[in-house]
1. Please go through the range 150-177 and pick out each residue that is small (Gly, Ala, Ser) and part of a helix (DSSP H, G or I).
2. Do you know which residues across the range 204-224 are hydrophobic (A, V, I, L, M, F, W, C), surrounded by 21 or more Cβ atoms within 10 Å (Cβ to Cβ) and within 19 Å of Val150 (Cβ to Cβ)?
3. Among (1) in contact with a Phe, Trp or Tyr (Cβ under 9 Å, 6 or more places away or on another chain); (2) buried (at least 16 other Cβ atoms within 10 Å of the Cβ); (3) of a type outside the set (A, V, I, L, M, F, W, C); (4) within 26 Å of Phe261 (Cα to Cα), which single condition is Pro98 missing?
4. Among the numbered criteria (1) small (Gly, Ala, Ser); (2) under 17 Å from the mean Cα position of the chain (by Cα); (3) surrounded by 18 or more Cβ atoms within 10 Å (Cβ to Cβ), which one does Gly197 miss?
5. Checking the condition in contact (Cβ under 8 Å) with a residue 60 or more places away in the chain and within 17 Å of the chain's Cα centre (by Cα), which residue from Ala177, Ala187 passes?
6. For the range 21-30, check the following and say yes or no: at least one residue is touching a residue at least 40 places away in the same chain (Cβ under 8 Å) and surrounded by fewer than 17 Cβ atoms within 10 Å (Cβ to Cβ).
7. Please go through the range 1-22 and give me each residue that is assigned to a helix (DSSP H, G or I) and not small (Gly, Ala, Ser), ordered by number.
8. Suppose we filter Phe87, Phe91 for residues that are modelled with pLDDT of 95 or more, over 25 Å from Ala44 (Cβ atoms), under 21 Å from the mean Cα position of the chain (by Cα) and buried (at least 19 other Cβ atoms within 10 Å of the Cβ); which single one remains?
Amino acid sequence: MRSTEHAATVDFVERSLHADLRLEHVAAHVGYSPYHLHRSFRRAFGLTLHTYVRRRRLTEAARALADTSDPVLDIALRHGFRGQQSFTSAFSASYGVPPATWRRTRPFFPLLLPYRFPASEWELGRATGGFGITDRASVDLLLPLSLAAVDMLPTLDVDQHAADLSTRCDSHRVLVARDEGPGGRGAAAVIIDPATGHIDYLAVHPLARATSALPALLHTARAHHPRLSVTTFREGDKADLGHRRTLAALGFRPGRLRVEFGYPTQLLRLDTSGAPL
């Protein structure tokens with residue numbers, strides 16, 4: 001499938017988020033077999049169409065919980081769940097607490113925002129010329145990357161996040177992986193505490209997760225900070241789309257458990273044996 005067809009698929013899903021979005025129905029709409037659509041969607045985004053739909057529905061249901069006083073059952077049915085029990089089970093697995101408890105105690109944050117990208121970004125997954133690493137970045141560059149890669153971040157309050165990025169850009173080391181093709185699109189970024197080597201911020205564009213962007217970025221980071229560390233999802237967290245596994249494959253090993261912004265996470269430390277990223 002071409003990037004325009006992936007964009008059209010996502011647009012159809014977003015317009016039909018509360019309707020029948022079984023793989024067979026979406027495939028019939030876009031003109032491909034269910035098998036081909038499943039493989040192509042997963043190859044492009046790193047997650048299945050089913051996972052995309054489920055996480056988008058949970059995100060919009062969480063928004064409704066935060067913004068309205070509608071009964072939980074009404075929200076569940078409106079967002080494609082068969083009943084309150086199935087919704088509560090899915091919501092609790094991804095957000096950590098049942099819907100009613102979350103509504104009383106937590107601010108809204110998204111599990112997944114729509115995969116609607118500018119035309120230039122659709123080429124990130126096809127980058128063949130490698131990635132250049134730069135230490136120049138601004139909030140205007142990093143915030144859109146955060147919103148594209150929101151599923152990497154356990155929580156995201158946009159205003160607070162923008163303020164944190166501004167502060168850290170002034171006091172920390174910032175490294176950005178850019179596609180070396182025309183335009184130099186930002187594919188991944190880290191912000192590192194220069195005193196400790198802890199990665200305070202890590203984001204990879206969804207379309208660049210199957211590329212060499214993250215290994216190239218961390219290879220450069222390790223040259224400056226041999227004892228890198230980062231926090232990520234705890235093992236088994238249903239909100240994790242595979243980021244913990246990716247970090248483990250790059251040499252990060254489990255450390256102590258932590259809680260950040262009220263969310264359970266775990267510290268990972270880079271293996272210092274010298275194995276290549």
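The values are calculated or read from the model by the stated rules, or taken from the named source; none is laboratory data. Predicted, not measured: the structure shown is a model, and the values here were computed from it. Reconstructed Cβ throughout: ideal geometry from the backbone, glycine too, with neighbour counts over all protein chains shown.
1. Going residue by residue through the range 150-177, those that are small (Gly, Ala, Ser) are 162-163, 166, 171, 177.
Within the range 150-177, Ala162, Ala163, Ser166, Ser171 qualify.
2. Applying the first criterion (hydrophobic (A, V, I, L, M, F, W, C)) to the range 204-224 yields 204, 207-208, 210, 213-214, 216-218, 221, 223.
Keeping just the survivors that are surrounded by 21 or more Cβ atoms within 10 Å (Cβ to Cβ) gives 204, 207-208, 213-214, 217-218, 221.
Within the range 204-224, Val204, Leu207, Ala208, Ala213, Leu214, Leu217 meet the criteria.
3. The one condition Pro98 does not meet is (2).
4. Single failed check for Gly197: (2).
5. Numbers: Ala177 fails: in contact (Cβ under 8 Å) with a residue 60 or more places away in the chain.
On inspection, the qualifying residue turns out to be Ala187.
6. First, the residues of the range 21-30 that are touching a residue at least 40 places away in the same chain (Cβ under 8 Å): 21.
Keeping just the survivors that are surrounded by fewer than 17 Cβ atoms within 10 Å (Cβ to Cβ) gives none.
Within the range 21-30, not a single residue is touching a residue at least 40 places away in the same chain (Cβ under 8 Å) and surrounded by fewer than 17 Cβ atoms within 10 Å (Cβ to Cβ).
7. Here is the first cut: in the range 1-22, the ones assigned to a helix (DSSP H, G or I) are 3-15.
Thr4, Glu5, His6, Thr9, Val10, Asp11, Phe12, Val13, Glu14, Arg15, listed by residue number.
8. On the way: Phe87 fails: under 21 Å from the mean Cα position of the chain (by Cα).
On inspection, the qualifying residue turns out to be Phe91.
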